[in-house]
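The values are calculated or read from the model by the stated rules, or taken from the named source; none is laboratory data. Note that the structure is a prediction, hence the values are computed from the model and not measured. Note: ideal-geometry Cβ built from the backbone for every residue, glycine included; neighbour counts use all protein chains shown.
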Amino acid sequence: MGFVHVYTGDGKGKTTAALGLALRAVGNGLRVIMYQFLKERECGEHRVRISGFKIVRVKNFDPNEILKSMQEHDIVILDEIFNAINKGIVKLDELLYIIMNRPKNVELILTGRNAPKEIIDVADLVTEMKKIKHYYDIGVKARKGIEC
């Protein structure tokens, strides 16, 4: 049985948590696909080639394409999906449609700031990353290999 995970909050580590889960999963023979929203800049994870793991940067969102890919994968990650909803690129109803119509054996991982209450209500696991202190606050930019 697959569950719905939510990694949200203003702290660092949402995508990193999803990638860690993906690494563990492919190490155990599971098939993982990560759809990334709003990440136009190439980051380190885009250069990694691991059998059973694929990253797709979303240009045109189609909920039916996501559902179709769930037939071929054990874990589907929608990275920064909540930011895409907050920017109007994805509709909340479209994400709820995916959640409600996914194959019940697929693990669905959702990341991004400001997870909508409707998603939190239907999720099985919700983790909030809370920023206590961050070096971004003193002007440090994303560093290669650490944040990107």
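Here are the numbers:
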read-out: Pick from the range 37-56, criterion closer than 17 Å to Lys14 by Cα and out of contact with any helix residue (DSSP H, G or I) (no Cβ under 8 Å at 6 or more places or on another chain), ranking: modelled with the lowest pLDDT; value: Gly44
read-out: Residues located in the range 20-49, provided they are in contact (Cβ under 8 Å) with a residue 40 or more places away in the chain, within 24 Å of Ala142 (Cα to Cα) and part of a helix (DSSP H, G or I); value: Leu21, Ala22, Gly44
read-out: Which numbered condition Ile120 fails, given (1) assigned to a helix (DSSP H, G or I); (2) surrounded by 19 or more Cβ atoms within 10 Å (Cβ to Cβ); (3) touching a Ser or Thr at 6+ places or on another chain (Cβ under 9 Å); value: (2)
read-out: Tally of residues being of a type outside the set (A, V, I, L, M, F, W, C) and closer than 19 Å to Gly13 by Cα across the range 108-123; value: 5
read-out: The range 102-117, subset within 17 Å of Asn86 (Cβ to Cβ) and in contact (Cβ under 8 Å) with a residue 60 or more places away in the chain, residue surrounded by the most Cβ atoms within 10 Å (Cβ to Cβ); value: Thr111
read-out: The range 1-10, subset closer than 11 Å to Thr127 by Cα and not hydrophobic (A, V, I, L, M, F, W, C), residue surrounded by the most Cβ atoms within 10 Å (Cβ to Cβ); value: Tyr7
read-out: Residues (more than 24 Å from Glu72 (Cα to Cα) and among the charged types (D, E, K, R)) located in the range 90-128; value: Lys91, Arg113, Lys117, Glu118, Asp121, Glu128
read-out: Leu125, sole failed condition from (1) surrounded by 13 or more Cβ atoms within 10 Å (Cβ to Cβ); (2) under 17 Å from Val4 (Cβ atoms); value: (1)
